[in-house]
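The values are calculated or read from the model by the stated rules, or taken from the named source; none is laboratory data. Here the structure is a predicted model, which means the values were calculated and not measured. Every residue, glycine among them, receives a Cβ derived from its backbone with ideal geometry; neighbour counts consider all protein chains shown.
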Amino acid sequence: MSEREAVAHLLRRATFGPTADEVDAAERLGPAATLDNLLNPTRADQGAAATPIPALPADPYAALTKESSREQRQKANAQRREQLQGLTSWWLDRMVAAEDGLTEKLLFFWHGHWATSAQKVKSARMMLGQLETLRRHGRGPLGPLVAAMVRDPALIIWLDGQKNTRKAPNENLARELMELFTLGIGNYTEADVKAGARALTGWVVDRQTGVARFESRRHDPGEKTILGRSGQFDTEAYAGLLTAQPTAATFVAGRLWFRYAGADVPVPADLAAADTVATLRTLLSSPAFAATRGTLVKQPVEWMVGALRQLGIRPSALPEQQRKQLLGGLNGLDQVPLRPPSVGGWPAGASWLTTSSLQVRLRMAGMLAVATAPAVLARLTAAPAAGRSDALARLLVVDGWSARTRAALTPLAGDPRKLLAAGLVSPEYTVS
């Protein structure tokens, strides 16, 4: 693997999709310095500053009463959907604009890990609050992240935590907390789930304010035995107990490996570290990570955001109809941010390579090719027709075309937009 291929591989996986200029800069720095810059950015993120966090109004349902009419409730529902759509569009725009691509990609990883869907939460303000919690704690140790998430209003609603009382414990949050978020199957018992549910009792969410609060009368203060330890565990103590387990660091590191490196190469034995950034450093500098090049199918959001960045398209600058087409395309590809299909998150690998998804990608690739920034298109047209396939590979940060793909691209050299669209649906672009 050449040095350019090494930094391109690093940037493709660590961020949403590098531009050719970003790969040029990384090649001048070298892999080690590029990784340092990714993990510890030294300058303010101007792209993030240009896409500030939206100020969201209160839940439209907060103003309703028992006397509210059916029409008023329908209007409130429509306003809720509009707020959530606006939040999704904002996040997509932030993903494209952000200069700190590693942090934005990491946020999307945590969103899939703590998979919470707006379809049940129904509150843009709560979903944004969860994103900000994940952003605030996602680069650091696991302990503070878990402690914050077990009090997160959106997660509490999503996993029925507000129904969890001392008289009627609800096990949903405790079970998923151990199975999917911290320990993994086989590292706890059913008795641990039941006791964990008791530890989590007492938290409710105020729908009007979107804030979680603790009600002591709903909490079970009795002694509990969890993972072989006994005590009067409450939510904070339970979260601390989970994250103190050696298996927690190993499990979460394995999830990071699965999302950033794939399932084809085994997880390195030394991957788990004190915090997420340290784990990512070990992961992204591992020889085993280098061996995963060309094996990981891009998730639809990765595919689309990478294409938007490389083609110089800002979603917020598009006409409304095209902005809707972007979200419609992600819906057709079964991956809309803030709407994971289940608490298990989105699938991976060949699950994304279906006949129906290819048809959607073809339509979206055509739309993106039409919306390509003139300066980007000019780079492609500046190359002689015989060299446009290579110019396209450089533009899309593809290491090279197979003979079959090159044969399909060559006849399109005279129509740069068709060439772009074909490159976006090629196997070499779809799999990184």
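Out of region 194-204, which residues are buried (at least 21 other Cβ atoms within 10 Å of the Cβ) and either of a type in the set (Val, Ile, Thr) or in contact (Cβ under 8 Å) with a residue 40 or more places away in the chain (or both)? Matches in region 194-204: Gly196, Leu200, Thr201, Trp203. Within region 11-29, is even one residue closer than 18 Å to Pro315 by Cβ and either touching a strand residue (DSSP E or B) at 6+ places or on another chain (Cβ under 6 Å) or exposed (fewer than 14 other Cβ atoms within 10 Å of the Cβ) (or both)? No, that holds for no residue.
Number of residues in region 246-265 that are among the β-branched types (Val, Ile, Thr), within 16 Å of Ala350 (Cα to Cα) and out of contact with any helix residue (DSSP H, G or I) (no Cβ under 6 Å at 6 or more places or on another chain) equals 0. The listed residues are Arg70, Arg13, and the only one of them that is modelled with pLDDT of 90 or more, over 20 Å from Leu131 (Cα atoms) and either among the basic types (Lys, Arg) or touching a Phe, Trp or Tyr at 6+ places or on another chain (Cβ under 7 Å) (or both) turns out to be Arg13. Identify the residue in region 126-137 that is in contact (Cβ under 8 Å) with a residue 40 or more places away in the chain and surrounded by 20 or more Cβ atoms within 10 Å (Cβ to Cβ) and, among all such residues, is nearest to the chain's Cα centre (by Cα). That would be Leu131. Restricted to region 33-77, and to residues there that are over 25 Å from the mean Cα position of the chain (by Cα) and hydroxyl-bearing (Ser, Thr, Tyr), the residue that is surrounded by the most Cβ atoms within 10 Å (Cβ to Cβ) is Tyr61. The sole residue among Leu377, Leu409 that is of a type in the set (A, V, I, L, M, F, W, C), crowded, with 17+ Cβ neighbours inside 10 Å, without any contact (Cβ under 8 Å) to a residue 24 or more places away in the chain and in a helix (DSSP H, G or I) is Leu409. Selection of region 15-72 for residues being outside any helix (DSSP H, G or I), without any contact (Cβ under 8 Å) to a residue 60 or more places away in the chain and among the charged types (D, E, K, R) yields Arg43, Asp45, Lys66, Glu67. Looking across region 266-282, the residues that are under 30 Å from Asp334 (Cβ atoms) and in contact with a helix residue (DSSP H, G or I) (Cβ under 6 Å, 6 or more places away or on another chain) come down to Val267, Leu271, Thr279.
Residue-level analysis places Thr165 outside the set of residues that are within 15 Å of Thr276 (Cα to Cα) and either surrounded by fewer than 19 Cβ atoms within 10 Å (Cβ to Cβ) or in contact with a Ser or Thr (Cβ under 7 Å, 6 or more places away or on another chain) (or both).
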